[in-house]
Amino acid sequence: MAGNWKMYKTAPETTAFFEKFRPLMANATHCEVVIAPVSIDVPAAVAATQGSRIEIGAQNLFWKNEGAFTGEVSGAMIAAAGAKWVIIGHSERRQYFGETDETVLKKTVAALEVGLHPIVCVGEKLEEREAGKTAALLTQQFQGGIAGLTPEQFARIVIAYEPVWAIGTGKTATPEIASDAHKVIRDQVKQRFGAEAASAVRILYGGSVKPDNVKSLMAQVDIDGALVGGASLDPVSFASIVNF
């Protein structure tokens, strides 16, 4: 269960969140719990989760370890700050900042090289879904952004399916729609990396996951967890999702 805070919360607000959240999920041993604050708040989040089962991630990274890249943050810097995870290729990064399948692959490799666990995102826009292109688009994103990994590298990533039309819109893919998309992704994994890898890989669903729909989503055999946006900003809300 992963929370993506996007561009919300200051360092003091981050600390206050975890003061409330930690006791609410203290007995959650059925899943890994990851929260990705903005990069500047990673140290505060790491400090606030010491001694707990909560792990911290970043929302993005650059594929070089250092250099003249104003405004960017490297995987080595993220790891040195205490984060263990990083979200790569989120639809908002693709939409607003020009990320491509090629840069997603480069960033994934860079994350793995410094020991971070990548959550690699794929997903279609509304017009692509309405045109019946969901499977083709997911295949394209997988082939361009994930298939280039070695089997050893692939074994260390998590995939997140996030239908762009369901992010922040209040619309949610039905459990069946989400499951069908997850099957497309898992079939791609099977073709490229084999049946064992397809069975082992965790594919998260992200797209307006809330306390009232998480149980039906998690009941689907191909959905292995959630990448939660807005509902992860409130400690009670996110705890109820974690403890579904």
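The values are calculated or read from the model by the stated rules, or taken from the named source; none is laboratory data. None of these values were measured; they are calculated from a predicted model. Here the Cβ is made from the backbone with ideal geometry for all residues, glycine too, and neighbour counts use every protein chain on show.
Before moving on, here are some points about what is shown:
- Within segment 184-244, helices (runs of 4 or more DSSP H) holding 3 or more residues that are in contact with a helix residue (DSSP H, G or I) (Cβ under 6 Å, 6 or more places away or on another chain) and under 18 Å from Thr174 (Cβ atoms): 214-218
- Some residue of segment 167-183 being among the aliphatic types (A, V, I, L, M), assigned to a helix (DSSP H, G or I) and touching a Leu at 6+ places or on another chain (Cβ under 8 Å): yes
- Which listed residue is among the acidic types (Asp, Glu), out of contact with any strand residue (DSSP E or B) (no Cβ under 8 Å at 6 or more places or on another chain) and more than 28 Å from Cys31 (Cα to Cα), from Glu92, Glu72, Glu102, Glu66: Glu102
- Looking only at residues of segment 48-84 that are of a type in the set (Asp, Glu) and more than 18 Å from the chain's Cα centre (by Cα), we find that the one that is surrounded by the most Cβ atoms within 10 Å (Cβ to Cβ) is Glu72.
- The residues on offer are Arg156, Arg93, and the sole one that is out of contact with any Lys or Arg (no Cβ under 9 Å at 6 or more places or on another chain), part of a helix (DSSP H, G or I) and touching a residue at least 12 places away in the same chain (Cβ under 8 Å) is Arg93.
- Residues that are in contact (Cβ under 8 Å) with a residue 12 or more places away in the chain and β-branched (Val, Ile, Thr), drawn from segment 57-74: Val73
- All positions within segment 133-158 that are of a type in the set (S, T, N, Q), buried (at least 17 other Cβ atoms within 10 Å of the Cβ) and farther than 30 Å from Gly82 by Cα: Thr134, Thr139
- For segment 4-17, the set of residues classified as free of Cβ contacts under 8 Å to residues at least 40 places away in the same chain and either touching a Gly at 6+ places or on another chain (Cβ under 7 Å) or not hydroxyl-bearing (Ser, Thr, Tyr) (or both) consists of Met7, Ala11, Pro12, Glu13, Ala16, listed by residue number.
- Checked against (1) surrounded by fewer than 21 Cβ atoms within 10 Å (Cβ to Cβ); (2) touching a strand residue (DSSP E or B) at 6+ places or on another chain (Cβ under 7 Å), Tyr161 passes all but a single condition, namely (1).
- Scanning segment 180-215 for residues that are more than 22 Å from Gly148 (Cβ to Cβ), modelled with pLDDT of 95 or more and among the hydroxyl-bearing types (Ser, Thr, Tyr) yields a single hit, Tyr205.
- Residues of segment 85-132 that are crowded, with 17+ Cβ neighbours inside 10 Å, in contact with a Gly (Cβ under 7 Å, 6 or more places away or on another chain) and of a type outside the set (Val, Ile, Thr): Trp85, Gly89, Ser91, Glu99, Asp101, Leu105, Ala110, Ala111, Leu116, Cys121.
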